[in-house]
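As structure tokens, the structure follows; a few thoughts come after it.
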Amino acid sequence: MALKIIDHGSKEYRQMVKLRDDILRKPLGLGFDALELEEEKDNMLIGAFEDDEMLGCCMLVEEKSDTVRLRQMAVLNDLQGKGIGRALMNFAENLARDRGYKILSMHARKNSVGFYEKMGYQITSDEFTEITIPHYVMEKQL
């Protein structure tokens with residue numbers, strides 16, 4: 001498995017949008033609009049690949065000079081639990097650390113909290129609803 005930074009607008013980016021749409025949006029009856037995707041051009045886009053097939057992805061978005069937020073973490077359904085998410089998180093944390101960030105935060109879906117807790121993240125908020133499902137803010141010092 002290869003982990004790499006993806007260029008916005010590239011073939012890999014189009015794979016990333018499709019994976020996120022299939023895993024994160026369509027099950028909720030949602031989709032992406034062009035403006036939302038255009039706003040991702042300054043984000044750090046990360047993909048996990050086997051040959052040319054995207055297995056998983058995530059992105060990092062600067063919140064403050066010392067804080068970066070993880071967004072849109074997705075792994076193919078039939079490959080969840082096989083270490084791809086863990087590898088993506090390690091890559092994302094190292095990338096954030098290398099770029100000088102001290103905190104990685106996220107809005108974690110309630111059903112994913114256990115995964116992030118195993119990675120060292122802590123809940124820092126009350127439960128809230130985002131895109132129709134329960135979430136928590138989670139953070140980790142890098």
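Figure legend. Inter-residue proximity from the range 96-111: first residues of a type in the set (A, V, I, L, M), second residues at pLDDT 95 or above and part of a helix (DSSP H, G or I), beta-carbon distance below 7 Å, spacing 6+ or different chains. Indicated pairs: Leu104/Glu93; Leu104/Ala96; Ala108/Tyr116.
Being free of Cβ contacts under 8 Å to residues at least 24 places away in the same chain, surrounded by fewer than 19 Cβ atoms within 10 Å (Cβ to Cβ) and touching a helix residue (DSSP H, G or I) at 6+ places or on another chain (Cβ under 8 Å) holds for only one residue in Gly31, Gly83, and it is Gly31. Selection of strands (runs of 3 or more DSSP E) fully inside the range 1-80 by the criterion of at least 2 residues being over 13 Å from the mean Cα position of the chain (by Cα) and not acidic (Asp, Glu) returns 2-6, 53-64. Identify, please: which residue in the range 121-142 is hydrophobic (A, V, I, L, M, F, W, C) and free of Cβ contacts under 8 Å to residues at least 60 places away in the same chain and is, among those, farthest from Lys64 (Cα to Cα)? For the range 121-142, the residue satisfying everything is Phe128.
So that you can scan it fast, the table gives a plain yes or no per residue for (1) out of contact with any Cys (no Cβ under 7 Å at 6 or more places or on another chain); (2) closer than 24 Å to Glu130 by Cβ:
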site	(1), (2)
Gly9	yes, no
Arg20	no, yes
Gly29	yes, yes
Asp33	yes, yes
Glu40	yes, yes
Leu60	yes, yes
Arg97	yes, no
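Scanning the range 131-142 for residues that are surrounded by 12 or more Cβ atoms within 10 Å (Cβ to Cβ) and not in a loop (DSSP other than H, G, I, E, B) yields a count of 7. All of Leu55, Leu70 fail the test of being within 21 Å of Ile133 (Cα to Cα), surrounded by 18 or more Cβ atoms within 10 Å (Cβ to Cβ), modelled with pLDDT of 95 or more and not basic (Lys, Arg), apart from Leu70. Consider the range 81-122 and keep the residues that are among the aliphatic types (A, V, I, L, M) and assigned to a helix (DSSP H, G or I). The one that is nearest to Leu142 (Cα to Cα) is Ala96.
The values are calculated or read from the model by the stated rules, or taken from the named source; none is laboratory data. Being a predicted model, the structure only gives us computed values, none of them experimental. Note: ideal-geometry Cβ built from the backbone for every residue, glycine included; neighbour counts use all protein chains shown.
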